[in-house]
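The values are calculated or read from the model by the stated rules, or taken from the named source; none is laboratory data. Everything numeric in this text was worked out from a predicted model, so none of it was measured. Here the Cβ positions follow ideal geometry from the backbone for every residue, glycine too, while neighbour counts run over all protein chains shown.
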Amino acid sequence: MRWRAELAALLLLGGCGTTGALSDRPVKIGQPYAVGGVRYVPEDRRDYDAVGYASWYGRDHAGKPTANGERFDPGALTAAHPTLPMPSYVAVTALDSGRTITVRVNDRGPFSRGKLIDLSRAAARMLGTEAAGDAPVRVRRVYPTAEQQRAVARGRRVAMLPEPTPGERAEQLRRLAAQPHGGLAPAGAPVAADAAPEGGQGAAFIRVASFASRANADGLAAVLGGSVVAAGRYWQVRLGPYTDGAAAARSLANVVAKGYRDASVVAAESW
């Protein structure tokens, strides 16, 4: 996007290093800045731990300068973050699956409401969120050794933190659902607490699982207290509708804890 190139140019005016140089020194924090009428204040949060949504960007930005003067490589395990130092490293956990990877922050963004981090395409693919586009994640600051940093630079998966249990993921999904996002989150993610009333635009359902057999779908729906809807050649089990994001998050957490790890929240209009 044009704003990313403009922001990179603005930050580079401060003489923050040589364009294209790949180095973890010096670490750049930067001055406060504004994008789209929103003010961002970079800071060195050593205990950074947040939940939100991850998006990704790819070859359309290949070779363009990142905010710290490097060239963007969609095949590298990098990410953009609005406020963390550049470079710094974070462990990104996909809350739908528990998969965790380590990425290097070398750019600014994303600047869309509800978005927390913008992954390179390679990072999104390794995390398993490329197809989803936007995915609920937990982002934590980590401090890899020199050897681990080299492994990340080579595109290898570095597991600096253990993958969470279903219960831990459910707790983080509840934490995410409690945050204001101004309406329904993207399909496949928890809804915000201010979802629209039942029957109106913005109502949501839990999509639990799909079956080729209607009998199997009916059996699970009976156990969970849900319903069954046709979806092409398959039968999908759903719970809801929900008009409250916190209630949807609790229901999703219960379903995930029961072993249905691919369960997700979707807008009612998508059914």
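Can you tell me how many residues within the stretch 192-219 are assigned to a loop (DSSP other than H, G, I, E, B) and either at pLDDT 75 or above or under 17 Å from Tyr260 (Cα atoms) (or both)? Before you say what the answer is, go through the steps one by one.
Just the residues of the stretch 192-219 that are assigned to a loop (DSSP other than H, G, I, E, B), to begin with: 192-203, 212-213.
Of the ones still in play, those that are also either at pLDDT 75 or above or under 17 Å from Tyr260 (Cα atoms) (or both) are 212-213.
Within the stretch 192-219, residues that are assigned to a loop (DSSP other than H, G, I, E, B) and either at pLDDT 75 or above or under 17 Å from Tyr260 (Cα atoms) (or both) number 2.
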Original post:
Out of Val51, Val35, Val92, which single residue is under 19 Å from the mean Cα position of the chain (by Cα), modelled with pLDDT under 95 and β-branched (Val, Ile, Thr)?
Top reply: Val51
Original post:
Do you know which of the residues in the stretch 64-79 that are modelled with pLDDT under 95 and hydrophobic (A, V, I, L, M, F, W, C) is surrounded by the fewest Cβ atoms within 10 Å (Cβ to Cβ)?
Top reply: Phe72
Subject >> Among (1) assigned to a loop (DSSP other than H, G, I, E, B); (2) touching a residue at least 12 places away in the same chain (Cβ under 8 Å) - the single one Ala79 does not satisfy >> reply: (1)
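Restricting the stretch 230-242 to residues that are buried (at least 16 other Cβ atoms within 10 Å of the Cβ) and either outside the structural domain of Leu176 (by TED's automatic domain parsing) or over 23 Å from the mean Cα position of the chain (by Cα) (or both), which is farthest from Asp262 (Cα to Cα)? Before the answer, list the steps.
Residues of the stretch 230-242 that are buried (at least 16 other Cβ atoms within 10 Å of the Cβ), as a first pass: 235-242.
When the remaining residues are screened for being either outside the structural domain of Leu176 (by TED's automatic domain parsing) or over 23 Å from the mean Cα position of the chain (by Cα) (or both), the result is 235-241.
Numbers: Trp235: 15, Gln236: 12, Val237: 12, Arg238: 12, Leu239: 14, Gly240: 17, Pro241: 18 Å.
Here the residue is Pro241.
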Original post:
List pairs: first in the stretch 122-135 and touching a residue at least 60 places away in the same chain (Cβ under 8 Å), second among the aromatic types (Phe, Trp, Tyr) and not in a loop (DSSP other than H, G, I, E, B), Cβ under 8 Å, 6+ apart or cross-chain?
Top reply: Ala123/Trp56; Ala124/Trp56; Thr129/Trp56; Glu130/Trp56; Gly133/Trp56; Asp134/Tyr53; Ala135/Tyr53
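Kindly indicate which of Arg156, Arg125, Arg113 is modelled with pLDDT of 90 or more, surrounded by fewer than 16 Cβ atoms within 10 Å (Cβ to Cβ), of a type outside the set (A, V, I, L, M, F, W, C) and outside any strand (DSSP E or B). Show your work before the answer.
Working: Arg125 fails: surrounded by fewer than 16 Cβ atoms within 10 Å (Cβ to Cβ); Arg113 fails: modelled with pLDDT of 90 or more.
Within the list Arg156, Arg125, Arg113, the selection yields Arg156.
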Original post:
Which pairs do you get when a residue that is surrounded by fewer than 16 Cβ atoms within 10 Å (Cβ to Cβ), found in the stretch 35-63, comes within reach of a residue that is assigned to a strand (DSSP E or B) and among the β-branched types (Val, Ile, Thr), reach meaning Cβ atoms under 9 angstrom, with the pair 6+ apart or on two chains?
Top reply: Asp49/Val139
Original post:
Hey, does the stretch 93-100 have a residue that's of a type outside the set (Lys, Arg) and touching a Phe, Trp or Tyr at 6+ places or on another chain (Cβ under 6 Å)?
Top reply: no
Original post:
For the stretch 220-271, which strands (runs of 3 or more DSSP E) that fit wholly inside it have 1 or more residues that are modelled with pLDDT under 75 and of a type in the set (Gly, Ala, Ser)?
Top reply: 264-267
